[in-house]
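Dumping the structure here so I can ask a few things about it.
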Amino acid sequence: MPIVMRLVPNIVTTASSVPMTDSDKFEEKLDRLIELCQQLKRENQSLREREAGLVGERSQLIEKNEMARQKIETMINRLRNLSAEQ
């Protein structure tokens, strides 16, 4: 069956009054399956891109957290040194 006829099956069936054969039904199911696979591939790609972004963001946050920890540790050591001098 030509692709145009598959895209509008109701019009073709109504106009010609020919019931769908098993092969027509199979083709229709196959077309739906192909579309579903394409949709899932697009969704999967989108999720992979999102994951990559989140992994990068996580890495930046870990780095910022480490820098903050080091600064706090430095301040604590300075305070200890000041109190030891007094």
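Please enumerate, by chain and number, the lysines with C-alpha under 26 Å from the C-alpha of Lys41, excluding those fewer than 8 residues away in the same chain.
Lys25, Lys29
Taking the simple approach of a point 7 Å from Cα along Cα-to-Cβ for both Glu49 and Thr21, what is their distance in nm?
4.3 nm
Where a number appears in this text, it was derived from the coordinates with a stated rule and is not lab data. Since this is a predicted model, take the numbers as computed values, not measurements. Because the Cβ atoms are built from the backbone with ideal geometry, glycine has one as well, and the counts that use them run over all protein chains shown.
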